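Report on one structure; see the data block that follows.
The values are calculated or read from the model by the stated rules, or taken from the named source; none is laboratory data. Values in this document were obtained by computation on a predicted structure and should not be read as measured data. Cβ atoms come from the backbone with ideal geometry, glycine included; neighbour counts cover every protein chain shown. Note: accessible area is taken over every heavy atom of the protein model, side chains too, but ligands, DNA and RNA are not part of it. Shrake-Rupley method; radii C 1.70, N 1.55, O 1.52, S 1.80 Å.
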Amino acid sequence: MSADLLRTLAPQVLGAVVRRFGHFDTAEDAVQEALLAATRQWPVDGVPDDPRAWLITVAARRLTDLLRSEAARRRREEADARLVVAPGPVVDADDTLVLLFLCCHPALSPASQIALTLRAVGGLTTAEIARAFLVPESTMTRRITRAKRAVAGQSFGMPADAGRLDAVLHVLYLVFNEGYAATAGPHLQRAELAAEAIRLSRVVHRLLPDDAEVAGLLALMLLTDARRPARTAPDGSPVPMAEQDRALWDADRIAEGVRLVSAALPRGPVGPYQLQAAIAAVHDEAPDAASTDWPQIIELYGVLLRVTDTPLVRLNRAVAVSMVDGPRAGLALVDGLPLDDDHRLHAVRAHLLETAGEADGARAAYLRAARLTPSLPQQRYLHGRAARL
């Protein structure tokens, strides 16, 4: 029996049970018990011909038992009056996708959307999610419980609001970013989070193969994650892209990412994930740092600014401009950006000042960046750059 099979089926089964009965919180408990029963019975009796149907049947029976129990009645005095929730019209979409939409409901905060998505769709335990985000397990338990309660009364179906897909993609983007570049803690990367974001993005792409932004987000993740093996030094500190050993980059992921974004861009309209993926592809296809097509990257950032004009996009464009027109041109674009409390602004400014020969200013900027970042590897790296000056 494959653990991957159960992990793939789990959100489908949960979605089907929630669609039929509602009671998100208790339904998840029932599905977990069904999965546990599968791990015990299938190795002995063999995998059923329709494992999804088997899990749904067992989970539904267990849910019925839970809802009939005295404890469940006390917790749900009003809800028990309507044991079976009207499922509404049949939807062709995979229940996994509908479950993703439910987990990213606008009634939830981004932090709760992320936690509930990783728990209900990703299949991570509460302890695993808590460790990934460096919070106590009890805190994460309360966060997930509140999120389940908040969406318990919501209808289970494909939302008509197209913006809800944007919320799903944004949550997956945030999960990936936290995995690729951890915002805090002792490690630069949390590979399990990045891998889970990629896995879930593949699920969404499989269910929505014609959506260009879904393809763009998956491409962006693959093209970015391809560099992961070369991103850290032996001591765990970050290695800038220009100094990375590109022979360590994952050529298969780069090829897949390039194929995805190349197919998505002509379909239009062009969105921010496609453009970021295109920029990542230009980086990844350069055989070395000196061969990077910086003018093309500047053009792509210009288009991205027209789609989403944010200080971070402007900061990244300033770096690209400095590679073409020199560090002074980059500094002119960096100064005045409303990112004074963001370590990335000061790290970029420090690099540009160092390149321009202003050692004292660069050292001060590196130290300020180090004070602002909660990431220990980033702190070590920035302190090391300052010490060299």
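Summary of values
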read-out: Residue check, P269 surrounded by fewer than 14 Cβ atoms within 10 Å (Cβ to Cβ), in a loop (DSSP other than H, G, I, E, B), touching a residue at least 12 places away in the same chain (Cβ under 8 Å) and not small (G, A, S); value: yes
read-out: Whichever residue in the range 181-206 is assigned to a helix (DSSP H, G or I) and among the basic types (K, R) and, among such residues, is nearest to V121 (Cα to Cα); value: R199
read-out: Search result, residues across the range 212-236 that are part of a loop (DSSP other than H, G, I, E, B) and surrounded by 19 or more Cβ atoms within 10 Å (Cβ to Cβ); value: A226, R227, R231
read-out: Any hit, the range 155-173, residues being among the polar types (S, T, N, Q) and under 17 Å from L118 (Cβ atoms); value: no
read-out: Filtered residue count, the range 315-352, keeping only those that are farther than 19 Å from L382 by Cβ and surrounded by fewer than 18 Cβ atoms within 10 Å (Cβ to Cβ); value: 9
read-out: Selection within the range 278-314 - within 22 Å of A215 (Cβ to Cβ), open to solvent by 40 Å² or more (accessible area, probe 1.4 Å) and among the hydrophobic types (A, V, I, L, M, F, W, C); value: V303, V307
read-out: Subset tally (residues that are closer than 20 Å to T145 by Cβ and at pLDDT below 80) for the range 1-25; value: 5
read-out: Test: R68 is at pLDDT below 80 and closer than 18 Å to G153 by Cβ; value: no
read-out: Qualifying positions in the range 14-54 - within 28 Å of the chain's Cα centre (by Cα), farther than 16 Å from L102 by Cβ and open to solvent by less than 40 Å² (accessible area, probe 1.4 Å); value: A30, A34, L35
